[in-house]
Structures are given as structure tokens and as C-alpha cells.
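Quick notes on the structure that follows.
Each reported figure results from applying straightforward, stated rules to the coordinates on display, with no laboratory input. The shown structure was predicted, so the numbers you read here are calculated from the model rather than taken from an experiment.
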Amino acid sequence: MFKEIDAQRLVALFVGGWLLFNFPLLGLWDRAETLLGVPLFPAALFLLWGLLIAAMAWLMERPGSRQLQD
């Protein structure tokens, strides 16, 4: 279904997202500051989540990552 390198990149993206949303790195954003009036923690969660989705979409929709036809 996927080329081997695309599958490896998806696994690496999953592991990177898993690390980003775990305690030690997620604790960096737990401060009493705001970003455009929004508390920093939820703003960082939303931005990291959006970047993760954008990276996955870019990875899946590149011209060189088409599925093999049966």
C-alpha cells in the first residue's frame, strides 16, 4: 500500500507527535502568559496539533507518494 520510506516517515511523525503531547515537553507551555489574549497552554496545544496535521497532510499528498495500483 505505502512505499517503505513513506511508512517510516508516518511512524516518525507519530512518534514525534507522541513526544510533543507527553508531559515533559508539554509542561514547557504551562505558564501564566497569554498569546493574543488566549492562555499559552491551550494556544500551544492547538498550534502543535495543527502543525502535526499539516505535516501529515503534506506527507500524504506529495506527488511522489502515490499508492501503488493493483
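The H on the amide N of Leu35, modeled in the peptide plane, is under 5 Å from the matching H of Leu40, each at least 5 residues off or on a different chain.
Tell me whether region 21-62 comes out rounded, prolate or oblate; compute the Cα gyration tensor, take square roots of the eigenvalues as a ≥ b ≥ c, and use a/c under 1.5 as the rounded threshold. Judged from the Cα gyration tensor, region 21-62 comes out oblate (a/c at least 1.5, b/c at or above a/b). The Cα atoms of the chain cover 54, 24, 13 Å along the three principal axes, with the biggest extent listed first.
Dividing the helix sum by the residues of the chain, where each DSSP H run of 4 or more adds -39500 (n - 2.57), gives a mean residue ellipticity at 222 nm of -20000 deg cm²/dmol.
Remark: the Leu36-Ala57 segment gains 4.9 nm on full extension, using 0.36 nm per residue and subtracting the alpha carbon distance. Each residue of region 15-21 was assigned a 3J(HN,Hα) from its phi angle through the Karplus expression (A = 6.51, B = -1.76, C = 1.60, θ = phi - 60°), giving 5, x, x, 4, 5, 5, 9 Hz with x at Gly and Pro.
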